[in-house]
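The values are calculated or read from the model by the stated rules, or taken from the named source; none is laboratory data. Being a predicted model, the structure only gives us computed values, none of them experimental. Methodologically, a virtual Cβ is constructed for each residue, glycine included, from the backbone with ideal geometry; neighbour enumeration extends over all protein chains shown.
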Number of protein chains: 2
Amino acid sequence: MSLPFGDDVAGINIGERKCAILKSDMLVDMTDAPRQMTDWQKGRKAVVATASDFASKGVKPIALLTSVGIPRKFSRNQIIEVAKGIEAGAKEYDTHIIGGDIAETSNLIIDCMGFGITRKDRLISRCGANPGDILAVTGHFGEASAGLKILLENIGIPAYLRKRLTRNVLMPRAQLKLGLALAKSMVISSSIDSSDGLAWSLYELSRMSGLGFEVNNLPVSQFTERFARLTNIDIRNLILYGGEEFHLVVTVPPNSWKKALRVSRRVGGRLYRIGRAISGKRIFTTIGGKKARIEPIGWEHFTS
Amino acid sequence: MSLPFGDDVAGINIGERKCAILKSDMLVDMTDAPRQMTDWQKGRKAVVATASDFASKGVKPIALLTSVGIPRKFSRNQIIEVAKGIEAGAKEYDTHIIGGDIAETSNLIIDCMGFGITRKDRLISRCGANPGDILAVTGHFGEASAGLKILLENIGIPAYLRKRLTRNVLMPRAQLKLGLALAKSMVISSSIDSSDGLAWSLYELSRMSGLGFEVNNLPVSQFTERFARLTNIDIRNLILYGGEEFHLVVTVPPNSWKKALRVSRRVGGRLYRIGRAISGKRIFTTIGGKKARIEPIGWEHFTS
């Protein structure tokens, strides 16, 4: 194996300094799709989740297999909507469904498996961070977790805010272009997809790179801020412990930082510096001059 | 793509006259595992089904991903049994689980995805048969479909017969060694895995190779014969229209037949001549001098 067990994807050497990258992500209606999500959106989301893991390793998914479990009560039209969503996701990430399987199941299940090939020296694992590296993320955390709260708990807030925040849940996006560009320019020392939450991602990078993180900046969108104010929900919880945020959490050696920013801008992506890697395994924030531990809490799937 | 859509596996060109082979097969407790099957056997069977598709194309599955959906009611021990079964299957077919996913589902679901690499000129599709080729199978049909009937309908027959026939259902075997050996020696013009039944497999080969088949011999084991006699079930139905038989159905150019037999024996496998490919698309038997059409009926999964 060319990647340690427990990384975002599995890798296997295929000779000539190349490796094949494989990853499957199983979407289960019951725990991964709020009831407001359409069948089309579920199909698309299954692809996004797999694309996001490939994004974090900087590998292009050149082909997908999808095994779909369809409940007996599904209409012909529903099945077509799921298939169209899968196709739309594949097109969005410039890849192709080349096969799969269909079975009858109690809940809708979409297992999406991606395949890619990469040069071994370009593969970004979770293990490569060094003390002193800059810690960065590719987007604002908190929006998707606010959106998920709105959908699951049916929280009443102004329509424009509801629309903006739930969009991240119903129509998530993988940072594939950005991940590929960062890998190609070799400016990243480690990377992880954040779909289990920012805190969890930091603990994973910490465990696998053998270091800690000081977080001194948690960029947050005005929409998340407004939501937190309106609902009296602790914004730190939304940012650190929410899930379903398909951003990348990366470390960048300081002398590559400017290049990383340039590369990101060139593909229309963003990179926000949120802190730095430190020796020792502690993970904490130092925002407003106050030191506070980030807890090793991961986002758990819900049961609708 | 290096294989037409609808073949046993999907193939994608990766340069240097090689292609990557991918295939997923989703086992659903409810429709693919009779209630007498243990959790260990279910895990193992998921791997066998995928290995059988690789066998039919003569490609070694060098790595597997398994996405497993576990019902909430499953005990820790049950989960371990499923995992052990998957591992045992992987070991049996000399391959490795390199990743996958776990989710909560209503029924046990095991989606097993295999990956392999092959030389393009060695890949055996469903399309390569020519009129005059010898039609052959790698085992006796009918045992698994008799075994499945016994398990599903709880048919009362002598214990030794029950044990022998149900073994094929509970502990199926993929013809991987044989498939790899046949592909390596380049003696096969087309091939398909028979898990949807012999009749269905013949129609698939017919459709994709653009020809028909005359079947003049249907080898049957003494156990299937005894079962058919005891239960008054038409033995033709058991042989042609049953499912879950993980044999290969292949065509062999006449001048390669002797070599094919030699190669099969060398790896401890068998090859039974059952007829020949003919021009036109008819598929019929001429056993006992009587011409009878084989119907395009596939085996349907059951609902337990």
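Below are the figures for this structure:
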item	result
Residue list for region B:266-291, restricted to those being surrounded by fewer than 13 Cβ atoms within 10 Å (Cβ to Cβ) and of a type in the set (Lys, Arg)	B:266, B:290, B:291
Near pairs, Cβ below 7 angstrom, 6+ apart or cross-chain, from region B:170-192 (in contact (Cβ under 8 Å) with a residue 24 or more places away in the chain and surrounded by 24 or more Cβ atoms within 10 Å (Cβ to Cβ)) to any residue that is of a type in the set (S, T, N, Q) and in a loop (DSSP other than H, G, I, E, B)	B:175/B:138; B:178/B:138; B:190/B:125
Where a residue in region A:17-34 is more than 7 Å from every other protein chain (Cβ to nearest Cβ) and under 13 Å from residue A:112 (Cβ atoms) and its partner, wherever it lies, is in a helix (DSSP H, G or I) and basic (Lys, Arg), with Cβ under 9 Å and at least six apart	A:27/A:42; A:27/A:45; A:32/A:42; A:32/A:45
Boolean, residue B:55 is more than 9 Å from chain A (Cβ to nearest Cβ), buried (at least 18 other Cβ atoms within 10 Å of the Cβ) and within 20 Å of residue A:68 (Cβ to Cβ)	no
Residue A:45 crowded, with 21+ Cβ neighbours inside 10 Å and either of a type in the set (S, T, N, Q) or at the interface with another protein chain (Cβ under 8 Å from one of its Cβ atoms) (or both)	no
Any hit, region A:133-155, residues being farther than 27 Å from residue A:93 by Cα, among the polar types (S, T, N, Q) and surrounded by fewer than 24 Cβ atoms within 10 Å (Cβ to Cβ)	yes
Residue B:226 vs. criteria surrounded by fewer than 22 Cβ atoms within 10 Å (Cβ to Cβ) and in contact with a Leu (Cβ under 7 Å, 6 or more places away or on another chain)	yes
Single condition residue B:82 does not satisfy, out of (1) closer than 22 Å to residue B:31 by Cβ; (2) outside any helix (DSSP H, G or I)	(2)
Checklist (1) closer than 22 Å to residue A:63 by Cα; (2) out of contact with any strand residue (DSSP E or B) (no Cβ under 8 Å at 6 or more places or on another chain) applied to residue A:178, failing item	(2)
Qualifying strands (runs of 3 or more DSSP E) (wholly inside region A:119-221; at least 1 residues being under 20 Å from residue A:42 (Cα atoms))	A:190-193
Per-region count, region A:15-50, residues within 17 Å of residue A:62 (Cβ to Cβ) and not in a helix (DSSP H, G or I)	9
Residue match in region B:104-115 (condition: of a type outside the set (S, T, N, Q) and free of Cβ contacts under 8 Å to residues at least 60 places away in the same chain)	yes
Pairs, first charged (D, E, K, R) in region A:131-157, second surrounded by 21 or more Cβ atoms within 10 Å (Cβ to Cβ) and part of a helix (DSSP H, G or I), C-beta under 6 Å, six or more apart	A:143/A:165; A:143/A:168; A:143/A:224
Region A:69-89, residues that are within 24 Å of residue B:115 (Cα to Cα) and out of contact with any Cys (no Cβ under 9 Å at 6 or more places or on another chain)	A:69, A:83, A:87
Criterion (among the hydrophobic types (A, V, I, L, M, F, W, C), within 20 Å of residue A:202 (Cα to Cα) and under 18 Å from the mean Cα position of the chain (by Cα)) met by exactly one of A:123, A:148	A:123
Which listed residue is in contact (Cβ under 8 Å) with a residue 40 or more places away in the chain and either under 15 Å from residue A:101 (Cβ atoms) or at the interface with another protein chain (Cβ under 8 Å from one of its Cβ atoms) (or both), from B:10, B:63, B:83	B:63
Residue that is farthest from the chain's Cα centre (by Cα) [pool: residues in region B:9-28 that are closer than 30 Å to residue B:40 by Cβ and at pLDDT below 90]	B:10
Within region A:93-116, tally of residues that are under 20 Å from the mean Cα position of the chain (by Cα) and either of a type outside the set (Asp, Glu) or within 7 Å of chain B (Cβ to nearest Cβ) (or both)	10
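To keep it simple, each residue is scored yes or no on (1) at pLDDT below 95; (2) among the charged types (D, E, K, R).
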{"position": "A:86", "(1), (2)": "no, no"}
{"position": "A:154", "(1), (2)": "yes, no"}
{"position": "A:177", "(1), (2)": "no, yes"}
{"position": "A:185", "(1), (2)": "yes, no"}
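Let's see how each residue does on (1) surrounded by fewer than 21 Cβ atoms within 10 Å (Cβ to Cβ); (2) under 28 Å from residue A:138 (Cα atoms); (3) in contact with a helix residue (DSSP H, G or I) (Cβ under 9 Å, 6 or more places away or on another chain):
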position: A:66; (1), (2), (3): no, yes, yes
position: A:71; (1), (2), (3): yes, no, yes
position: A:77; (1), (2), (3): yes, no, yes
position: A:81; (1), (2), (3): yes, no, yes
position: A:99; (1), (2), (3): no, no, no
